[in-house]
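Enquirer: Please see the structure below; I have some questions.
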Amino acid sequence: MAISYEWTPDEQRQYSLAKLYRYIKDYIYPYHPYYRKLFKENKIDPSRLQTYDDLRRIPITTKEDTIADQKAFILQPKVGESDYDVAELSTSKKLEYMWKTLTTRYIRDLYGKPRSFHDRVAQTALGEWNPIHYHMSGGTTGLPSMATYTNHDIKNVIPYIAGMLYLFGWEPNMRGLNMFPGLPHLDFFQVVFAELTVDNGAGIFHTCGGKAIPTESQVLIAGLLPFDMYIAIPSYMTYWLKTAAEMIEGGMAMKPDPVKYAVLAAEPLSEEYRAKLKDQFEKIGSPDIKIIEGYGSTELRAAFFECDEQTKLHLNPEFYYWEVLDPETKEPVPWGEPGVLAFSHIDWRGTVLLRYWMGDLIEGGVVWEKCSKCGLTMPILRPPIGRAARDFTKIKGARVPLMNFQNAIRRVDGVESFQVIVTKEDEQDITSRDRVIVYACLKPGADEEVVKTNITKQVKVDTEISPDEVVIEQPEKIEQRLFERTGLQADWVVDKRELHV
């Protein structure tokens, strides 16, 4: 039985928790090296898990836990010699593979060679357990995470998750321009999954990013083919639109057909950021664009989206159990209250996590309710989203959300792009005074001194910190600064101090 999105929130939570406990009993405890050991150490009997209080007995999993031994987080029955204490496949699973093999009509390999029944059963088993796809995080915290997927995941889980990308009205006859870099990251592969695993998936042109197909060439392609949707990281979308506007104005490119949707993920999207993007889209002939926000991570192994512009992010309760926890105590907070997102996988194979601490502070909380737009009941994540630790820092004694720097500078007329550097007056001396430098490039016709004065004023208003210096640079230099670390995501604010005070 699958979950119904017409059930009440309580019915969905009960279903999700019961499904998680069956999954723990049948799959995680026998075959997951890390959690099998953890359950034994904490004397947790998986057969006695019933209530949410029972789930809270399972210790939180952090990124540091997974990095220590990533292979230990992959479901793996014991086959021959093993480095881990895991169980051999149960008799019921072996019988299941035999039955599936008997009812499968393919008895030859791809080249027509007959296969023995034993080999066919082994192949059936491998389809559930053997990782066939891998990708990693961008390592923005310095600790890259790897996710593995089996054939079971690709066929039985991914279609339902990737299909949520279609909630906002993307139809099979539409075309999308995917600008995410073609790298082993979820950002890129979530779009590939939505295209290839969902029945009648819409058509996608994958640019594989600006290094594979230069931005200027992408603009030319957008002018030649009608696209209904652009898919990108917000910071690259900003640069792409700026390039497109300049090429169209200079007669080097055709104006693209109006675009219905911009699906943007991998970076926070504030109202100031959204307003800037809408202004840029209007300049290239898409005044009615709807900006759809996405949210995902390598650890989640999937991404989630809004069902319409600013309806907030719709989460899946069938293959995840969601929690929102206090950032200090790690105890649950009421639905709708700010907290850090945590999740447990349900019915996945490959890399599996329980009560994983995302580190993302959901300032609007998560509500579990019926969406007024799509009519579906599910957990809905309400941005803004920040890092519980990394997106807040102390500067000159004041606790500052780093996003406030971005919002402040985007409010200043005449600013095209920017980067904020937080450093020390003496970078070799951690006790020296904090120093904040804003690098910015100007829109055509903007007055340099007026912009510098307004940046100083607005940053002071929004962060209570006055920049020590505002430096005006050429656009090319700013773009180099933004992308020089990862080449993927823009670093709008960089804290160069060796020690956060």
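The values are calculated or read from the model by the stated rules, or taken from the named source; none is laboratory data. This is a predicted model, so every value here is computed, not measured. Don't worry about glycine lacking a Cβ; one is built from the backbone with ideal geometry, like all the others, and counts go over all protein chains shown.
Enquirer: For the subset of region 40-70 comprising residues that are part of a helix (DSSP H, G or I), closer than 24 Å to Gly359 by Cβ and in contact (Cβ under 8 Å) with a residue 12 or more places away in the chain, which member is nearest to the chain's Cα centre (by Cα)?
Expert: Looking at residues that are part of a helix (DSSP H, G or I), closer than 24 Å to Gly359 by Cβ and in contact (Cβ under 8 Å) with a residue 12 or more places away in the chain, I get Lys63.
Enquirer: How do the strands (runs of 3 or more DSSP E) wholly within region 328-386 filter down when requiring 1 or more residues that are in contact (Cβ under 8 Å) with a residue 60 or more places away in the chain and either under 18 Å from the mean Cα position of the chain (by Cα) or closer than 18 Å to Glu267 by Cα (or both): which remain?
Expert: Passing ranges, in order: 339-345, 356-362, 377-381.
Enquirer: Okay, next question. Considering each residue of region 219-256, count those that are under 22 Å from Gly201 (Cβ atoms), surrounded by fewer than 17 Cβ atoms within 10 Å (Cβ to Cβ) and either within 21 Å of the chain's Cα centre (by Cα) or at pLDDT below 95 (or both), and give that number.
Expert: The number of residues fulfilling the criteria is 2.
Enquirer: Right, another one. If you take the residues in region 280-329 that are out of contact with any Phe, Trp or Tyr (no Cβ under 7 Å at 6 or more places or on another chain), farther than 24 Å from Ser417 by Cβ and hydroxyl-bearing (Ser, Thr, Tyr), which one is surrounded by the fewest Cβ atoms within 10 Å (Cβ to Cβ)?
Expert: Thr329
Enquirer: Report the residue count in region 458-476 for those that are in a helix (DSSP H, G or I), surrounded by 14 or more Cβ atoms within 10 Å (Cβ to Cβ) and not hydrophobic (A, V, I, L, M, F, W, C). Spell out how you get there, then give the answer.
Expert: First pass over region 458-476, keeping only residues in a helix (DSSP H, G or I): 458-463, 475-476.
Now narrow it down to the ones that are surrounded by 14 or more Cβ atoms within 10 Å (Cβ to Cβ): 458-459, 462-463, 475.
Remaining after also requiring not hydrophobic (A, V, I, L, M, F, W, C): 458, 462-463, 475.
Adding up the residues that qualify gives 4.
Enquirer: Of the numbered conditions (1) of a type outside the set (Asp, Glu); (2) surrounded by 19 or more Cβ atoms within 10 Å (Cβ to Cβ); (3) part of a strand (DSSP E or B); (4) modelled with pLDDT of 90 or more, Ile409 satisfies every one except a single condition; which is it?
Expert: (3)
Enquirer: Looking at region 246-264, can you tell me whether even one residue there is in contact with a strand residue (DSSP E or B) (Cβ under 7 Å, 6 or more places away or on another chain), free of Cβ contacts under 8 Å to residues at least 40 places away in the same chain and outside any loop (DSSP other than H, G, I, E, B)? Write out each step before concluding.
Expert: We begin by selecting, within region 246-264, every residue in contact with a strand residue (DSSP E or B) (Cβ under 7 Å, 6 or more places away or on another chain); these are 259-264.
If we keep only those that are free of Cβ contacts under 8 Å to residues at least 40 places away in the same chain as well, we get 259, 262, 264.
Subset that is outside any loop (DSSP other than H, G, I, E, B): 262, 264.
Yes, because at least one residue in region 246-264 is in contact with a strand residue (DSSP E or B) (Cβ under 7 Å, 6 or more places away or on another chain), free of Cβ contacts under 8 Å to residues at least 40 places away in the same chain and outside any loop (DSSP other than H, G, I, E, B).
Enquirer: State all residues of region 176-208 that are at pLDDT 90 or above and either among the hydroxyl-bearing types (Ser, Thr, Tyr) or touching a Lys or Arg at 6+ places or on another chain (Cβ under 6 Å) (or both); if no residue qualifies, say none.
Expert: Of everything in region 176-208, those that are at pLDDT 90 or above and either among the hydroxyl-bearing types (Ser, Thr, Tyr) or touching a Lys or Arg at 6+ places or on another chain (Cβ under 6 Å) (or both) turn out to be Gly203, Thr207.
Enquirer: Is it true that Ala194 is under 22 Å from Glu416 (Cβ atoms) and in contact with a Phe, Trp or Tyr (Cβ under 9 Å, 6 or more places away or on another chain)? Outline the logic, then answer.
Expert: Numbers: under 22 Å from Glu416 (Cβ atoms): no; in contact with a Phe, Trp or Tyr (Cβ under 9 Å, 6 or more places away or on another chain): yes.
Criteria not met by Ala194.
Enquirer: Sort through Asn151, Asn130, Asn173 and tell me the only one that's at pLDDT 85 or above, surrounded by fewer than 16 Cβ atoms within 10 Å (Cβ to Cβ) and not assigned by TED's automatic domain parsing to the domain that holds Val259.
Expert: Asn130
Enquirer: May I pose another question? Can you tell me which residue is nearest to Lys242 (Cα to Cα) among those in region 478-493 that are modelled with pLDDT of 85 or more and out of contact with any helix residue (DSSP H, G or I) (no Cβ under 8 Å at 6 or more places or on another chain)?
Expert: Keep residues of region 478-493 that are modelled with pLDDT of 85 or more, which gives 478-482, 491-493.
Within this subset, residues satisfying the condition of being out of contact with any helix residue (DSSP H, G or I) (no Cβ under 8 Å at 6 or more places or on another chain) are 478, 480-481.
Details: Ile478: 13, Gln480: 15, Arg481: 17 Å.
It comes out as Ile478.
Enquirer: So for region 313-321 (the condition being in contact with a helix residue (DSSP H, G or I) (Cβ under 6 Å, 6 or more places away or on another chain) and farther than 23 Å from Val157 by Cα), does at least one residue qualify?
Expert: No - not one qualifying residue is present in region 313-321.
Enquirer: Any idea which of (1) in a strand (DSSP E or B); (2) closer than 16 Å to Phe168 by Cβ; (3) at pLDDT 95 or above is the one Val324 doesn't satisfy?
Expert: With (1) in a strand (DSSP E or B); (2) closer than 16 Å to Phe168 by Cβ; (3) at pLDDT 95 or above applied to Val324, the lone miss is (2).
Enquirer: While we're here: Residues in region 279-303 that are in a strand (DSSP E or B), over 30 Å from Met247 (Cβ atoms) and β-branched (Val, Ile, Thr): how many?
Expert: 0
Yes/no matrix, rows are residues, columns are (1) more than 17 Å from Ile478 (Cα to Cα); (2) out of contact with any helix residue (DSSP H, G or I) (no Cβ under 7 Å at 6 or more places or on another chain); (3) surrounded by fewer than 19 Cβ atoms within 10 Å (Cβ to Cβ):
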site: Gly414; (1), (2), (3): no, no, yes
site: Phe418; (1), (2), (3): no, no, no
site: Lys424; (1), (2), (3): yes, yes, yes
site: Gln428; (1), (2), (3): yes, yes, yes
site: Ala440; (1), (2), (3): no, no, no
site: Gly445; (1), (2), (3): yes, yes, yes
site: Glu449; (1), (2), (3): yes, yes, yes
site: Thr453; (1), (2), (3): yes, yes, yes
site: Thr456; (1), (2), (3): yes, yes, yes
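Enquirer: Next question. Can you find, within region 207-218, the residue that is nearest to Ser286 (Cα to Cα) among those that are out of contact with any helix residue (DSSP H, G or I) (no Cβ under 6 Å at 6 or more places or on another chain) and surrounded by 19 or more Cβ atoms within 10 Å (Cβ to Cβ)?
Expert: Only one residue fits best here, namely Gln218.
Enquirer: Give me the pairs: first residue in region 79-91 and under 12 Å from His32 (Cα atoms), second residue hydroxyl-bearing (Ser, Thr, Tyr), beta-carbon distance under 6 Å, and six or more apart or on different chains, which are they?
Expert: As it stands, the answer is Val86/Tyr31, since those pairs meet every condition given.
Enquirer: When region 349-390 is examined, which residues are found to be in contact with a Cys (Cβ under 7 Å, 6 or more places away or on another chain) and surrounded by fewer than 18 Cβ atoms within 10 Å (Cβ to Cβ)? Explain how you work it out, then say what you get.
Expert: First, pick out the residues of region 349-390 that are in contact with a Cys (Cβ under 7 Å, 6 or more places away or on another chain): 371, 373-374, 380.
Of everything in region 349-390, those that are in contact with a Cys (Cβ under 7 Å, 6 or more places away or on another chain) and surrounded by fewer than 18 Cβ atoms within 10 Å (Cβ to Cβ) turn out to be Lys373, Cys374.
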